[in-house]
1. For the range 106-165, enumerate the residues that are of a type in the set (A, V, I, L, M) and part of a loop (DSSP other than H, G, I, E, B).
2. If you take the residues of the range 176-194 that are in a loop (DSSP other than H, G, I, E, B) and within 16 Å of the ligand (Cβ to nearest atom), which of them is farthest from residue 159 (Cα to Cα)?
3. Kindly establish whether residue 3 is part of a loop (DSSP other than H, G, I, E, B), of a type in the set (Val, Ile, Thr) and in contact with a Ser or Thr (Cβ under 9 Å, 6 or more places away or on another chain).
4. For the range 242-269, how many residues are more than 15 Å from the chain's Cα centre (by Cα), at pLDDT 95 or above and surrounded by 15 or more Cβ atoms within 10 Å (Cβ to Cβ)?
5. I'd like the full set of residues that are out of contact with any helix residue (DSSP H, G or I) (no Cβ under 7 Å at 6 or more places or on another chain), farther than 17 Å from residue 97 by Cα and among the aliphatic types (A, V, I, L, M), limited to the range 13-39.
6. Contact list please: Cβ distance under 7 Å, first residue in the range 110-137 and more than 19 Å from residue 31 (Cα to Cα), second residue charged (D, E, K, R), pairs at least six apart or on different chains.
7. Scanning for something crowded, with 22+ Cβ neighbours inside 10 Å, in contact with a Lys or Arg (Cβ under 9 Å, 6 or more places away or on another chain) and over 21 Å from residue 210 (Cα atoms), does the range 62-81 turn up at least one residue?
8. May I ask you to say which residue of 116, 123 is of a type outside the set (A, V, I, L, M, F, W, C), at pLDDT 95 or above and farther than 23 Å from residue 219 by Cα?
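The values are calculated or read from the model by the stated rules, or taken from the named source; none is laboratory data. These figures come from a predicted structure and were not determined experimentally. Cβ placement follows ideal geometry from the backbone for every residue including glycine, while neighbour counts extend to all protein chains displayed.
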Amino acid sequence: MIVLRSSEEIEKIRRAGRLVAEVLSAVTEAAGVGVTTLELDALAEKMIKDAGAVPAFKGYQPDFIKCGPFPGTLCTSVNEEVVHGVPDGRPLEDGDLLSIDTGVELDGYFGDAAISIVVGAASPEAELLIAVTRKSLEAAIAACTAGNRMGDVSSAVQEVAEADGFNVVRRFVGHGIGTAMHEDPPVPNFGVSGTGPVLKPGMVLAIEPMVNAGTFEVEASADCWPVLTKDGRLSAHFEHTVAVTEGEADILTPAPEHARRGGKRGLSGVS
Ligand code: MG
């Protein structure tokens, strides 16, 4: 069932979303060669708890995962890891592509967003993949307006990604969000325009293109966390939580002002 949120509820989701954006901005600034993803995770957890919120990913336990609940506040997916990377003690290396995804619960409402960066010097392929993935999210958000259909959003992502020879992951998709982390409807990153549910004001969606440099196929150990590209090539991930309106979609996880004014690693291009 797709829930339509009142403007009061959307303001609560926006408060959660702002915190998510602030955390991603701080983590992005702190990331660098020699830093570990566990250190970034600790920074994120402290910020979220200090704000009186709850890290939404930590302890998350879907039925199909048998290796224990997700241990981190962040998903930190490096290089060929697509999503659900687990923070660890390995120092990040020059050229690593790092996708950072986090969600928080604040006052009963959830926000969720992700960003990809390169630590140190980026390869041309990593740079292009990140730019294209970000552009695919922007195209999806531009298509996310009342009266359009979900397929318009999905196909916008797919068209942008495939125009540069990249591929969108099929197996994992975006989702509705509100009083739970994952709600209806699913938000695929592939599809046919003019199909799917009609978008209505008050729908709140986490749109999250996962774009692979090579094949769209992914490999997950049957029952544990990290999802990898099947061919071992790079993957990037961007996500915003947005509310559908009669006009432009309302981005509830906007980049903080200081990042927009020129943070060194580019939350700036997202919104
Ligand atoms: Mg999400």
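1. The answer is 119, 121, 122, 146.
2. 179
3. Yes.
4. Qualifying residue count, the range 242-269: 5.
5. 13, 16, 20, 21
6. Here the result reads 112/239; 128/164; 132/164, each pair linking the range 110-137 to a residue that is charged (D, E, K, R).
7. no
8. Going through 116, 123 in turn, just one is of a type outside the set (A, V, I, L, M, F, W, C), at pLDDT 95 or above and farther than 23 Å from residue 219 by Cα: 123.
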